[in-house]
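Engineer: Sharing a structure, written as structure tokens. Questions coming.
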Amino acid sequence: MKRTILLTDKKNHTITAEYEIFRSKRKTYSLSLNDSGILRVRIPIHVTDYEVEQILLQKQFWITDRIAEFMKQQNNRPKNHFTPEQQLALEKRYRQAAREWIPSRVTYYMNAYPYILPARNMKITIRDQKTRWGSCSSKGSLSFNWRLMLAPPGILDYVIVHELCHLIHMNHSQEFWKCVGDILPDYKERRKWLKDHGNELTLS
């Protein structure tokens, strides 16, 4: 459920921020903007809504800076000149390309690093997630966003390796990131690129 809160930026301007709360069995909180500019607040289960608001007020300068950066990127994005029909045709082609290319890259990394064992009856699906680039289910099935085909190849490979390492570590522990780093030593740069430019991977 989306909520709103009034925050003040460094120039003393009032900004309305939209946010969503995600509770889970975690020890700390984290803040991030999704591709639509909505603030995602990840918190431990026991944290109350009031405490969330206090966190947002404490971090309001950080939040308003990110919102301003997001709005600037949106305003600077080039507008395409595709008709609706052309856009649908392009999306169809990219989806098909993703269904062919992504499984081949999964196979490549699994062959190159045989300690990454596939789950029994592992499935690879291509989807149109709004806020996720990839996921690994508890049963070991992998899912990827077709929009990754709009990213540089190295960024696509980072997401693939990220999800493959979840077959070994179903968390984001130090051991998980070591797994990613052993395969892609520069994963932090690739991860930052995706965070900074992910909202640009669109046909609209």
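Engineer: State the extension gain, in nm to one decimal, for the chain segment bounded by Ala97 and His197, taking 0.36 nm per residue of separation less the distance between their alpha-carbons.
Structural biologist: Values: separation 100, 0.36 × 100 = 36.00 nm, distance 2.11 nm.
Working it through step by step, the gained length comes to 33.9 nm.
Engineer: Another one. So, R0 is 22 Å and r is the distance between the beta-carbons of Phe61 and Lys178; what FRET efficiency does that work out to, to 0.05?
Structural biologist: Numbers: r = 33 Å, r/R0 = 1.51.
Efficiency computed from Cβ-Cβ geometry: 0.10.
Engineer: Could you work out how much longer the chain between Asn75 and Tyr108 gets when fully extended? Use 0.36 nm per residue separation minus the Cα distance between them, nm to one decimal. Each step should come with its number before you reach the end.
Structural biologist: Numbers: separation 33, 0.36 × 33 = 11.88 nm, distance 3.84 nm.
Contour length minus the Cα-Cα distance gives 8.0 nm.
Engineer: Compare the Cα positions of Ile102, Ile5, Ala112 along the charge dipole of region 4-124 (+1 at Cβ of Lys, Arg; -1 at Cβ of Asp, Glu; about the Cα centre) and return the one farthest towards the positive end.
Structural biologist: After comparing all options, I get Ala112.
Engineer: Using only Cα atoms, what Kirkwood radius does region 87-169 have, in angstroms? Could the numbers behind the result be given before it?
Structural biologist: Numbers: mean 1/r = 0.0772 Å⁻¹.
Hydrodynamic radius (Kirkwood, Cα pairs) of region 87-169 is 13.0 Å.
Engineer: Taking the Cα atoms of region 1-86, report the difference between the largest and smallest coordinate on each principal axis, in whole Å and largest first.
Structural biologist: Computed over region 1-86, the largest-to-smallest principal extents equal 48, 33, 18 Å.
Engineer: Which of these, Tyr187, Tyr19, Tyr29, has the largest mean-square fluctuation under a Gaussian network model of the chain (Cα springs below 10 Å)?
Structural biologist: Tyr29
Engineer: Additional query: Restricting to the chain, what percent of DSSP beta bridges are antiparallel, rounded to 5?
Structural biologist: On the way: 13 of 23 bridges.
Around 55 percent antiparallel, to the nearest 5.
Engineer: Of Lys72, Lys11, Lys130, which has the largest mean-square fluctuation in a 10 Å C-alpha GNM of the chain?
Structural biologist: So, out of Lys72, Lys11, Lys130, the one fluctuating most is Lys11.
Engineer: About its Cα centre, what dipole magnitude does the chain give when the only charges are +1 on Lys and Arg Cβ and -1 on Asp and Glu Cβ, stated in debye to the nearest 20? Let's see the in-between values first.
Structural biologist: Details: 33 positive and 21 negative charges, 62 e Å.
Approximately 300 debye in magnitude.
Engineer: Taking a 31 Å limit on the Cα-Cα distance, which of the listed pairs Lys2/Lys192; Lys92/Lys123; Lys72/Lys139; Lys25/Lys188; Lys25/Lys139; Lys25/Lys123 fall beyond it?
Structural biologist: On the way: Lys2/Lys192 26 Å; Lys92/Lys123 21 Å; Lys72/Lys139 40 Å; Lys25/Lys188 25 Å; Lys25/Lys139 19 Å; Lys25/Lys123 27 Å.
With Cα atoms farther than 31 Å apart: Lys72/Lys139.
Engineer: Let me ask something else about it. Taking R0 as 22 Å, what's the FRET efficiency between Phe22 and Ser138 from their Cβ-Cβ distance, rounded to 0.05?
Structural biologist: Working: r = 17 Å, r/R0 = 0.79.
After rounding, the FRET efficiency stands at 0.80.
Engineer: Note the per residue figure in Å³ for the convex hull of the C-alpha positions in region 1-44.
Structural biologist: On the way: hull volume 3.7 nm³, N = 44.
Looking at region 1-44, the number lands at 83 Å³ per residue.
Engineer: Can you list the equivalent-ellipsoid semi-axes of the chain, largest first and in whole Å, using the square root of 5 times each Cα gyration tensor eigenvalue? Show your work: numbers first, answer last.
Structural biologist: Values: eigenvalues 196, 116, 44 Å².
Over the Cα atoms of the chain, the semi-axes work out to 31, 24, 15 Å.
Engineer: On a full-extension model of 0.36 nm per residue, what is the gain between Asn121 and Asp9, subtracting their alpha-carbon distance, rounded to one decimal in nm? Show your work: numbers first, answer last.
Structural biologist: Working: separation 112, 0.36 × 112 = 40.32 nm, distance 5.04 nm.
My answer for the length gained is 35.3 nm.
Engineer: Same structure again: So how do Asp196, Asp186 rank on accessible area, 1.4 Å probe, biggest first, that is with the largest at the start? Mind dumping the intermediate values first?
Structural biologist: Numbers: Asp196 40, Asp186 65 Å².
Largest accessible area first, the residues go Asp186, Asp196.
Engineer: Starting from the Cα gyration tensor of region 132-204, take the square roots of the eigenvalues, sort them a ≥ b ≥ c, and report rounded, prolate or oblate (rounded when a/c is under 1.5, otherwise prolate if a/b is larger than b/c, else oblate). Display every interim value, and only then the final one.
Structural biologist: Numbers: a/c = 2.33, a/b = 1.38, b/c = 1.69.
Oblate, since a/c reaches 1.5 and b/c is not below a/b.
The values are calculated or read from the model by the stated rules, or taken from the named source; none is laboratory data. The structure presented is a predicted model; accordingly, all values stated were derived computationally and were not measured. Positions of Cβ are generated from backbone atoms using ideal geometry, with glycine treated the same way; all protein chains shown enter the neighbour counts. What goes into the accessible areas is simple: the full protein's heavy atoms, side chains included, and nothing from ligands, DNA or RNA. Shrake-Rupley method; radii C 1.70, N 1.55, O 1.52, S 1.80 Å.
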